[in-house]
Amino acid sequence: MKFISVELENFRPYQGTQKISFAQAPDTNVTVLWGTNGGGKTTLLNAFTWALYGVLSSDVENQDQLINTTVWNNAPEGTPLTASVTIEFEHGNHVYIVKRSVYTPKHGPFQPRPRPELQLWRRESGGNLEPVLNPSGHLDQIMPQRLSRFFFVNGERIEALVKHEGGDDVREAVKTLLGLEAMERAIMHLPKVAEKLRRGMKAEDASQHKLDDLLRQLEDTERMIQEQQRRRTAAEKEQKHFDAEIKLLNLRMTQLTEAKELQHNRYRLEDQLKRVQTARQEQEEERAKLVGTSGFLAFLPTLPGKVLAACEELRERGELPAPLKRAFIDELIERGECICGTPLGEGSPHRAALESWRARAGLAEVEAAWNQLRGTVESIEEQRVQMYDALRGFDGRIAEAQEEERRLEHGIGEIGIKLKRLPSEEVVETEEKLEAAKSARDEKVAVIGAANAEIQRLSDVKEDLKKQIKGLEVKDARSRRIKNRIMAIEEAGRALTQILEILSQGVRRRLDARIRDLYRLVSLKNYEPELAPDFDLELWDLSGSVRVAAPKSTGENMLLSLAFVGSLIGEARESQSGGRTFIQGIGGDFPVVMDAVFGNLDDDYRKAVADFLPKLASQVVILTSKAQAGEIVEQELRPRLGKQYVITAHTTKTDVSSATETLTLNGNTYPYQVVGSNRTGAEITEVRS
Amino acid sequence: MTDKLDQEEIEQIQEILSGTSANAYEVIRMVIALERENLHKSEALARNTVRDEMAKKVEGIA
C-alpha cells in the first residue's frame, strides 16, 4: 500500500479543498508536514483514520463537529454543507480512491450527529473508476483497523507499547497481521458447534435419559472451565501488573546510591537462583524420564535368575538348544539318502523314523529366540545396577541444587533485611513496597496455579463425559452421522490449536529478530530488546555480568516502539513474498504516518529517530512542529525528503505571545502562524524545492 | 527469507495437516473461511453465526 494523495474538504480546521501529494520514490520516501502545536497536524493524522475506518482518536474534542466551523457559521440557514476526506492509494497493482463524507443542511449553530457515507472505487486499466462493494470490509482487508494504530502513529501514545499493558496490543497486532484471529476464533467456536450437534443426538430408549443427563453435565463442566479460564486470565493480568511494578522498584533501587551495591548483589543472586532452579528442574525431568523408561527394572530383582535357572534346566535335559535341527532333516528327506548312505525311499521305515524325528526337531527361530532371551535376561541385572546408579546421581544433583537454592534464597533474604536497616527512608520504603509487590505477585501465581489445576481436572471430567456419550448406543443413522461430525469437529479443533501455537511462536520469533536488528541500528545504549514469549516488549541492559531490566527512558522507549512498528511492516512485507499461504494474513508494503514523534526527546535521540524513520517503511509521512524537530531533524531527513508542506495556522486572536510567524524552507519563506487573521483554521502549502 | 526454523514450522504444520482425517480437514477449511467472513462482527455475534452455519455445513460429513 502506498498513499498517492489525500484531499480534505471543509474537514475540521481545513477550509475549502486542500490536497497533499505524498513522496513515493524509494530513495526520497519521506513527506514532512510542518505545523505548529494545535495547528492541525493531529487532525491530519485523524483524517486518515476517519476516511479509512470512520474513527477519530479519543483526544479529538467535539467529535461531531466535522464540518469546518467557519464554513458552518458563515453559511445561511438551510444551506447544504459537506465535509470529506478523500485518499488515493495504490495497493496490489490497483489504484483505489476512498472517500468518506458528511452532508447536512445547516440548521442552528450546532452541527447534528454526523452520518458519514463511505465510498470506495478502483481505477480500472482504462482509467475509469469502478465502485467497490462492501467498502468498509474491503478496506479492513487491505489494512485492518486493529493495525491502524501502528501505521498511523501518535508519538505521544506509542510509548505505551513498551509498558506492561502494551503486551495485549502487541499480541493482537501480531494475530491480525498473520490472520490468526480467524483461527483463534475457530478454536473457540468449534466446541459450540459440537455442543449444538450433540443436542440433536437421540439414544436408544433406555439410554436417552442418560444421554440427556450426560449432555447437561458436559455443558455444566464447560461453563466451569470457562469460569476458571476467566479467573486465570484476570490473575495473569494482575500478575503482569505486579511484575512490572517489581521491575520498576528494582530499577529504582539501583538508582538509589545507598542501595545500589546491595541491589546489584541481589540481581546477581537472583540470576544465579534462576539458573540453579532451571538446572534442578532439568534434572528432575531427566529423572522422571528415566523412571518412566527403566523404572520397571526395580521390580525385577529375582526374575532374571529364575528365568535363567529354568532355561538351564531345559538345557540340561537336552531340550534347549534342540539337539536336532528341522532344516537338517528336511534336507535329508529331500535328498532321499541319509548321511550314512541308507536310502530314504518313499514309505521306507527309515524315512518314517526320520519324519517322526522331524516333529521333535527344533526350529532355527526358536534357537535364535533362546539366544536372544538369554542375552537380555543376563543384562537385566546390569541395567538395574546402572539405573540405580543414575537415580542416585540425579538425587544427589537435585539435593545439591536444592541446597544451593536455599543458600541463594537466604542470601537474597539477607539483602532485603540489610536494605531495610539502611538509614535512607527512601530505600526502606522502596524495599517495603517491593516486598509487598512480590507477595501480591506470589498470591496471583498461586491463583493461576490453582486455576490451571482445576482446568486440568475439569478437562479430564469433560473428556470422560464425551467418551461416555460416544459409548452410548445411538438410536438411528442420523445420530450416528452426528457422532462422526462431532469427532471431525473435535479433531479439527485439536489440529488448529497445535497450528495456532506453532504460527504464533514462529511470528514472535521472527519479529523478535527484526526488532533486535532494527534497534541495534539506532540505539544509543548497550541495551537489547526482546519480544518475550508472552509478547511483552522488554529491554535488557547487558553492560554488567548479569542481564538486568534496562531503565526505559522516553528516548529508548520511542526507539523500541518504532523498532516494533518497523518489524511489523517488515513482517507484513515478507509474509506476502514468503508464500505463507495456509492462513491468509495481511501482506504487503505499508506506509507509516507519524505525529509528534520528536516531542520531549533530547537532541541525540531526535537525530537517532530522524535517521531511523526513513528506514522504517517504504513510505513515511511525518507531522511535526519546527520547534519539536529542530535543525537536527531537518538535516538528518534532508537527503530522504521527497515532499514538504507547511500547515499554516490562522487565529483571530491578537494577543499570542512568542508566535513563529514564518518558516523558511529551501530558501523560501512561508507563513506559519497568522495571528489576528480573519478566520481560525489551517491551510496547507507545498514547499517549493 | 525462509530460514531453518521457518522451514521447520512449515513442516510441523504440514505434518499436523497430513495426519488429519479428510473430514477434520474439511471442517478446518470450512470454519476458517466462515470465521474470516465474520471477522468484522463482534466475538459474540460471530460465535452464534459460526455455530449455526457450521452445524449446517457439516451435514455434508457422513
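The values are calculated or read from the model by the stated rules, or taken from the named source; none is laboratory data. Quick caveat, the model's predicted, so the values are computed rather than measured. Glycine also receives a Cβ, built like all others from the backbone with ideal geometry; neighbour counts cover every protein chain displayed. These area figures cover heavy atoms from the full protein model, side chains too; ligands, DNA and RNA do not enter into them. Shrake-Rupley method; radii C 1.70, N 1.55, O 1.52, S 1.80 Å.
Values computed for the structure shown
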{"item": "Helices (runs of 4 or more DSSP H) lying entirely in chain B (those with 1 or more residues that are within 24 Å of A:Asn134 (Cα to Cα) and more than 8 Å from chain A (Cβ to nearest Cβ))", "result": "B:22-37, B:43-57"}
{"item": "Residue in the stretch A:628-639 that is among the polar types (S, T, N, Q), outside any helix (DSSP H, G or I) and within 46 Å of the chain's Cα centre (by Cα) present", "result": "no"}
{"item": "Residue ID - modelled with the highest pLDDT, chosen from residues in the stretch A:471-488 that are part of a helix (DSSP H, G or I) and more than 8 Å from every other protein chain (Cβ to nearest Cβ)", "result": "A:Ile486"}
{"item": "Those residues of the stretch A:521-537 which are within 23 Å of A:Asp168 (Cα to Cα), touching a Gly at 6+ places or on another chain (Cβ under 8 Å) and open to solvent by 50 Å² or more (accessible area, probe 1.4 Å), in sequence order", "result": "A:Asp534"}
{"item": "Failed condition for A:Asn37, given (1) open to solvent by 30 Å² or more (accessible area, probe 1.4 Å); (2) more than 42 Å from the chain's Cα centre (by Cα)", "result": "(2)"}
{"item": "A:Thr648 being open to solvent by 40 Å² or more (accessible area, probe 1.4 Å), within 23 Å of A:Tyr14 (Cβ to Cβ) and either assigned to a strand (DSSP E or B) or modelled with pLDDT under 95 (or both)", "result": "no"}
{"item": "Residues located in the stretch A:125-146, provided they are in a helix (DSSP H, G or I) and modelled with pLDDT of 80 or more", "result": "A:Pro135, A:Ser136, A:Gly137, A:His138, A:Leu139, A:Asp140, A:Ile142, A:Gln145"}
{"item": "Residues satisfying the stated conditions in the stretch A:499-513, i.e. facing chain B (nearest Cβ under 7 Å), buried (at least 19 other Cβ atoms within 10 Å of the Cβ) and either touching a Ser or Thr at 6+ places or on another chain (Cβ under 8 Å) or without any contact (Cβ under 8 Å) to a residue 40 or more places away in the chain (or both)", "result": "A:Gly506"}
{"item": "Failed criterion for A:Gln468 (all others in (1) part of a helix (DSSP H, G or I); (2) free of Cβ contacts under 8 Å to residues at least 60 places away in the same chain; (3) away from every other protein chain (no Cβ under 14 Å); (4) of a type outside the set (Asp, Glu) hold)", "result": "(2)"}
{"item": "Residues of the stretch A:437-467 classified as in contact with a Lys or Arg (Cβ under 8 Å, 6 or more places away or on another chain) and polar (S, T, N, Q), total", "result": "1"}
{"item": "Contacts under 6 angstrom Cβ, first residue in the stretch A:183-201 being within 9 Å of chain B (Cβ to nearest Cβ), partner of a type in the set (Lys, Arg) and open to solvent by less than 40 Å² (accessible area, probe 1.4 Å), 6 or more apart", "result": "A:Leu197/A:Arg485"}
{"item": "A:Glu491 being open to solvent by less than 50 Å² (accessible area, probe 1.4 Å), free of Cβ contacts under 8 Å to residues at least 40 places away in the same chain, in a helix (DSSP H, G or I) and of a type outside the set (Val, Ile, Thr)", "result": "yes"}
{"item": "Candidates A:Glu90, A:Glu77 - the one that is open to solvent by 60 Å² or more (accessible area, probe 1.4 Å) and over 41 Å from the mean Cα position of the chain (by Cα)", "result": "A:Glu77"}
{"item": "Residue list for the stretch A:538-556, filter: open to solvent by 10 Å² or more (accessible area, probe 1.4 Å) and either under 22 Å from A:Val597 (Cα atoms) or in contact with a strand residue (DSSP E or B) (Cβ under 7 Å, 6 or more places away or on another chain) (or both)", "result": "A:Glu538, A:Trp540, A:Asp541, A:Leu542, A:Arg547, A:Val548, A:Ala549, A:Pro551, A:Lys552, A:Ser553, A:Thr554"}
{"item": "Unmet criterion (only one of (1) modelled with pLDDT under 95; (2) on the phi < 0 side of the Ramachandran plot; (3) open to solvent by less than 30 Å² (accessible area, probe 1.4 Å)) for A:Ile97", "result": "(1)"}
{"item": "Qualifying position, being in contact (Cβ under 8 Å) with a residue 24 or more places away in the chain and touching a His at 6+ places or on another chain (Cβ under 9 Å), among A:His264, A:His241", "result": "A:His241"}
{"item": "The lone exception for B:Gln7 - which of (1) modelled with pLDDT of 85 or more; (2) closer than 18 Å to A:Ile499 by Cα; (3) open to solvent by 40 Å² or more (accessible area, probe 1.4 Å) it fails", "result": "(1)"}
{"item": "Selection status of B:Leu17, in contact with a Phe, Trp or Tyr (Cβ under 7 Å, 6 or more places away or on another chain) and either surrounded by 19 or more Cβ atoms within 10 Å (Cβ to Cβ) or on the phi < 0 side of the Ramachandran plot (or both)", "result": "yes"}
{"item": "Residue within the stretch A:437-459 that is at pLDDT below 90, assigned to a helix (DSSP H, G or I), more than 12 Å from chain B (Cβ to nearest Cβ) and farther than 30 Å from A:Gly413 by Cβ present", "result": "no"}
{"item": "Residue match in the stretch A:104-124 (condition: hydrophobic (A, V, I, L, M, F, W, C), assigned to a strand (DSSP E or B) and more than 40 Å from the chain's Cα centre (by Cα))", "result": "no"}
{"item": "Those strands (runs of 3 or more DSSP E) lying entirely in the stretch A:1-99 with at least 3 residues charged (D, E, K, R)", "result": "A:2-11"}
{"item": "Qualifying residues in the stretch A:507-556 (those that are in a strand (DSSP E or B) and among the aromatic types (Phe, Trp, Tyr)) - the one farthest from A:Glu181 (Cα to Cα)", "result": "A:Tyr527"}
{"item": "Answer residue from the stretch A:1-42, given it is touching a residue at least 40 places away in the same chain (Cβ under 8 Å) and among the hydroxyl-bearing types (Ser, Thr, Tyr) and is farthest from A:Phe89 (Cα to Cα) among those", "result": "A:Thr36"}
